[in-house]
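Data first, discussion second: the structure below is written as structure tokens.
Bear in mind that the values in this text are calculations on the coordinates, not laboratory data. Please read all numbers here as calculations on a predicted model, not as lab measurements. When we count neighbours, we look across all protein chains shown, and the Cβ atoms used for this are built from the backbone with ideal geometry, even at glycine.
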Amino acid sequence: MPRPIRAKVDLDALLHNYRLAQKHAPQSKIMAVLKANAYGHGLTRVAQALERAPGIALLNIDDAVRLREEGYRGTLLLLEGFFDLEDLRAVHEYKLSTVIHCAEQLRAVTRGSAPSGIDVFLKLNTGMNRLGFRPEEIGSVMASLRQVRLAGLTLMTHFATADEAAGVQRQLDVFKHLAAGLSYPRSLANSAALLRYPQTHSEWVRPGIMLYGSSPFADQSAEALELRPVMTLTSKLIAAQTLRAGESVGYGEAFVADRAMRIGVVACGYADGYPRHAPSGTPVLVENVRTITAGRVSMDMMTVDLSAVPQARVGSLVVLWGEGLPVDEVAAKANTVSYELLTKVTARVPMSDR
Ligand SMILES: *Cc1c(COP(=O)(O)O)cnc(C)c1O
């Protein structure tokens with residue numbers, strides 16, 4: 001029997017979340033963001049479940065080509081664009097869509113030798129200052145692009161603070177000013193903007209994290225947003241210890257019992273993708289009872305307080321996150337975001353959607 005850790009992917013929940021995104025942005029086409037192996041959920045299974053989505057966005061051209069070869073017919077957008085001329089030829093051949101965010105990419109598509117008829121998402125830097133052309137460059141960029149035959153042109157930007165109190169207004173103002181007079185389709189909203197700022201909805205919305213059932217907001221839970229968790233990470237107890245008062249458990253003696261207590265040893269560690277920085281007190285479910293971790297997370301194991309779960313024994317089911325325990329809560333305790341936890345589940349964890 002394999003080690004008992006599992007990641008179960010609930011595709012019904014995924015579709016529920018997808019429909020919720022559509023309900024929030026009824027006039028927009030959904031570009032489902034599947035980068036990082038569909039946020040750790042498995043690119044192929046998520047793409048198959050979302051085959052009716054009008055668009056899929058990702059990073060790796062090989063992944064995009066594979067989805068095309070597997071029969072996906074919608075828009076396949078490369079979020080960082082292409083990296084060399086060979087990529088650009090594949091963009092053309094497989095009818096992919098590419099972001100153009102920098103002068104080098106712009107030169108490549110406007111060169112005489114470049115394949116014509118590329119579908120372009122032009123990335124505008126409205127304040128994130130990572131990728132994209134600055135407002136003062138747009139005139140000359142548009143002039144260059146008008147020299148070549150494109151299959152399509154969409155204006156795109158990305159928000160830095162859609163999930164925070166600052167919101168989107170400042171960047172939205174910059175975008176509107178820039179795009180005034182340019183009658184091209186637009187794409188602005190990530191999950192946070194999609195959920196909170198209908199004024200950012202346009203031809204395309206680009207939800208990522210919400211599809212996987214996690215909240216983009218620190219101040220609003222996934223449940224309050226009516227999102228359903230897609231990944232549930234489970235394992236089992238492989239040992240139970242009874243500590244006397246004053247005894248410790250695990251590396252560094254980081255947790256010391258202040259009374260006699262039972263501790264469960266879970267077959268899950270940081271080599272499975274559980275965050276090593278999750279402190280004692282991080283929530284966990286044992287036999288569906290909510291309890292907390294106790295002691296340091298080690299490579300293959302972690303330890304949990306069984307005081308509230310007297311019925312727990314070797315073989316008891318443990319939920320690390322997912323159904324019954326929002327990944328957002330675990331992430332917050334570990335001082336990170338669900339995006340990181342979901343994308344870091346490692347290859348040794350068997351994942352299935354049944
Ligand atoms: C990752 C990404 C998204 C999706 O963001 P979420 O917060 O996961 O919804 C949208 N647009 C771009 C450009 C991205 O890189």
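Each part gets one Cα centre, and for the range 63-83 versus the range 123-166 those centres are 21 Å apart. The packing ranking, built from the mean of other Cβ atoms within 10 Å per residue, places the peptides 101-109, 75-83 in the order 75-83, 101-109, highest first.
Taken along the Cα-to-beta-carbon direction at a fixed 7 Å, the label points for S144 and F83 span 2.1 nm. Kirkwood-type hydrodynamic radius, the chain: 22.0 Å, calculated from all non-identical alpha-carbon pairs.
Sum up the charges of everything whose Cβ sits under 13 Å from the Cβ of A179, counting Lys and Arg as +1 and Asp and Glu as -1, but leave A179 out. Within the 13 Å Cβ shell, the charges total +1. Treating r as the C-beta distance of A166 and M1 and R0 as 56 Å, the FRET efficiency rounds to 0.65. Applying a DSSP loop filter and a limit of 11 other Cβ atoms within 10 Å to the trypsin sites (Lys or Arg not before Pro) in the range 255-309 leaves R259. Inter-label distance, R290 to A151: 4.9 nm, where each label sits 7 Å from its Cα along the C-beta direction.
May I ask for the net charge around A271, where only other residues with Cβ less than 10 Å from the Cβ of A271 are counted and Lys, Arg are +1 while Asp, Glu are -1? It works out to a net charge of 0. When the square roots of the Cα gyration tensor eigenvalues are ordered a ≥ b ≥ c, the ratio a/c for the range 16-101 is 1.5 or more and a/b exceeds b/c, which makes its shape prolate. A full extension of the chain between R19 and D258 corresponds to an added length of 81.2 nm, given 0.36 nm per residue minus the alpha carbon distance. Charged neighbours of E93, selected by a Cβ distance under 14 Å, balance to -1 (K, R count +1; D, E count -1).
Working from Cα pairs under 8 Å separated by at least six residues, relative contact order for the range 116-255 is 17 percent. By other beta-carbon atoms within 10 Å, ranking Y339, Y274 with the fewest at the front produces Y339, Y274. Gap in Å between the Cα centre of the range 208-280 and the Cα centre of the range 297-325? When both Cα centres are located, 7 Å separates them.
Note on the range 91-198: with charges restricted to the Cβ of Lys and Arg (+1) and Asp and Glu (-1), its dipole about the Cα centre is near 200 debye.
In this calculation the C-beta distance from A239 to E340 is compared with R0 = 22 Å, giving a FRET efficiency of 0.15. For the range 154-164, backbone phi angles converted through the Karplus equation (6.51, -1.76, 1.60; θ = phi - 60°) give residue-by-residue couplings of 10, 8, 9, 8, 9, 8, 8, 9, 5, 8, 10 Hz, Gly and Pro being listed as x. Taking every lysine pair in the chain that is 8 or more places apart or spans two chains, those with Cα atoms closer than 27 Å amount to 20. Couplings 3J(HN,Hα) for the range 46-53, derived from phi with the Karplus relation 6.51 cos²θ - 1.76 cosθ + 1.60 (θ = phi - 60°), are 6, 5, 5, 5, 9, 4, 7, 5 Hz, where x marks Gly and Pro.
Residue exposure proxy: T293, T44, ordered by other Cβ atoms within 10 angstrom of their Cβ from fewest to most, comes out as T44, T293.
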